[in-house]
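In what follows, a single structure is set out as C-alpha cells and then discussed.
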Amino acid sequence: MAMPRVLCRVRLLIHNDFSVISKYSPVVNSVLINKCARFRHSIRHFRTNFPAGLVLNTSQKQDASSSSSDSDSSDSDEDDVTIEYHRGLPQITVPLPSRKERCRFTLKPISNTVGDFLEMLKKEDRGIDRVVCKTIDGTRIASSTTIETLLQDDFKLLINDNAYNVDSPKQERLTTEEVQGLSDVKTLVNQLYEALNVREHQLQKEVELTTQLETLQQELLPLEEKKLELEQVANRRSNWMAWAGLGLMSVQFGILARLTWWEYSWDIMEPVTYFVTYGTAMAAYAYFVLTREEYILNDVRDRQQLLLLHKKAKKTGFDVNQYNVLKDQIAKLELDLKRLRDPLKLRLPPKAAAKEEKKQVEEKAKE
C-alpha cells in the first residue's frame, strides 16, 4: 500500500496538485516536497533533451548515408570506361586492374584498329591476361576493325574477369546537302578571290614573261643569223656530195657495161657484178654498225649535213651549246604564255575565247 501512495504523490507533484497531496497526507514535510520538486525538474529536463538527441542522431545517420551514397557513386564512376573527344581524337579512359588506377589512351580513328587498342592495354598493364571487345549482344569484334567503326555503336570491354559497358559519344556528321552547300561556298569564295587578285596576277605574269621572251630573242638573233649561214654552207656541201655519189654510180655503170659488152663477155663479168652488189650491201651494213641507224637516204643526208654544220661551227667559233640553251628557254617561255592565255583559265565566254585563239594564231603567223 505504501508504494502506490508514493507514486500517486509523485504524479501529483509533477502536475502541481499540492492541494490533493494535503488530502492524502496530513503532515507534509517540506524537505520531501523539495526533493519531489527536484525530481520533477530533472524529469522535465530529461523530457526536453531526449527528442533533441534523437533528432541529432537521425541527422547524423542521414549525413552518413548521403556521404556513403556519394562515395559509392564516385567509386562507380571511377570503375567505368569513359570516352571523350579532344581536338577531334577519341580519348578512352580505362581502369587498370593491377594498378587500381585509371589510364587514358588517345587513339586515331582511321589509322588505329581495335587490335592496336588492346595491345596498348596489355603493354600498359602487364597483369592483363585477356582483353576483348564485344558488341552489346555479345558478338566479338575483330582486331582489324578501325576505331572509327568501333565508336559508331556502344560496346563491351572485357578485361580479365571484369566487363565494362562503354557508351560511345555520338558525333555530329555533315549531311550530303551540307557538304554540297559547303562546296558551293568554297567555289564562290575561290571565284571571288580570282576576280579580285588572279587576273591582275595573270596580267603581271604575262608582262614579265613577254619581257623575258623579248630579251632572249634579242640575244638569239645574231646566233640565228650565223646558224643560217652555216646551214646554207652545209646544205650546199651535202648536195654536192649527193651529186658526186650519183656521178660515181654512173661511172661504175659505164665501166661494167664496157667490160661486159665490149671488152669481155657476160660469162666473165657476171661474178664481178655479183661481188660489186654484195660489196654495196656490206657497205650499207657497215653504216648501220657504225651509226646505229638504218641506211635511209634522207637520214643519211641529214646526218651528213649536221656533221658539216658542227665542223664549220668549230672553225668559225659559233657556240652551239649557247644557241641550244637559248632555244630551250624561249620554247619554255612560249609554252608558259600559251598556258597563261588559255581561254579556259581566263574563264572567257565562247566568242571571246574564239577571238583569243584567232589572235594567238595571227601572232604565230607573224613570227
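Bear in mind these aren't lab numbers, they're just calculated from the coordinates by the rules spelled out. This is a predicted model, so every value here is computed, not measured. Neighbour counts run over all protein chains shown; Cβ positions are idealised from the backbone, glycine included.
Give the long-range amide H neighbours of CYS103: residues separated by 5 or more places, or on another chain, with amide H under 5 Å away, using H modelled in the peptide plane at 1.01 Å from N.
Here VAL94, LEU96 satisfy the definition.
Anything over 30 Å Cα to Cα? Flag those among LYS134/LYS170; LYS108/LYS186; LYS186/LYS327; LYS311/LYS338; LYS134/LYS186, in the order listed.
Working: LYS134/LYS170 19 Å; LYS108/LYS186 28 Å; LYS186/LYS327 42 Å; LYS311/LYS338 36 Å; LYS134/LYS186 42 Å.
Violating the 30 Å Cα-Cα cut-off are LYS186/LYS327; LYS311/LYS338; LYS134/LYS186.
Please grab the % of Cα pairs in the stretch 131-171 that end up more than 12 Å from each other.
Numbers: 461 of 820 pairs.
I get 56 percent for the Cα pairs in the stretch 131-171 exceeding 12 Å.
Pick out, from CYS133, ILE83, LEU121, the residue whose Cα sits farthest towards the positive end of the charge dipole of the stretch 80-147, with +1 on the Cβ of Lys and Arg and -1 on the Cβ of Asp and Glu.
Final value for the positive-end residue is LEU121.
Using Cβ counts within 10 Å as a stand-in for footprinting exposure, how do MET241, MET269 rank, fewest first? Could the numbers behind the result be given before it?
Details: MET241 15, MET269 18.
So the residues, fewest neighbours to most, are MET241, MET269.
Report Rg(Cα)/(2.2 N^0.38 Å) for the stretch 127-243, keeping two decimals. Can you show the working numbers first?
Working: Rg = 36.4 Å, N = 117, 2.2 N^0.38 = 13.4 Å.
For the stretch 127-243, the normalised Cα radius of gyration comes out at 2.71.
Where in the stretch 280-304 is the amide nitrogen less than 16 Å from a point lying 7 Å along the Cα-to-Cβ axis of ALA244?
Hits in the stretch 280-304 for ALA244 at 16 Å: 301-304.
Under a 5 Å amide H to amide H cut-off, with H placed in plane at 1.01 Å, what residues pair with THR82 once short-range neighbours are removed?
HN-HN under 5 Å from THR82: THR93.
Cβ neighbours within 10 Å, averaged per peptide: list 89-95, 251-257 in order, most packed at the top.
On the way: 89-95: 18.1, 251-257: 11.3.
Highest to lowest by the protection proxy: 89-95, 251-257.
From Cα pairs below 8 angstrom and at least 6 apart in sequence, can you work out the relative contact order of the stretch 99-144, rounded to a whole percent? Could the numbers behind the result be given before it?
Working: 27 pairs, mean separation 17.1, N = 46.
Answer for the stretch 99-144 is 37 percent.
First measure r as the distance between the Cβ atoms of GLN218 and ARG258, then evaluate 1/(1 + (r/R0)^6) with R0 = 56 Å and state the FRET efficiency to the nearest 0.05. Intermediate results must be reported in sequence, preceding the final value.
On the way: r = 62 Å, r/R0 = 1.10.
So the FRET efficiency works out to roughly 0.35.
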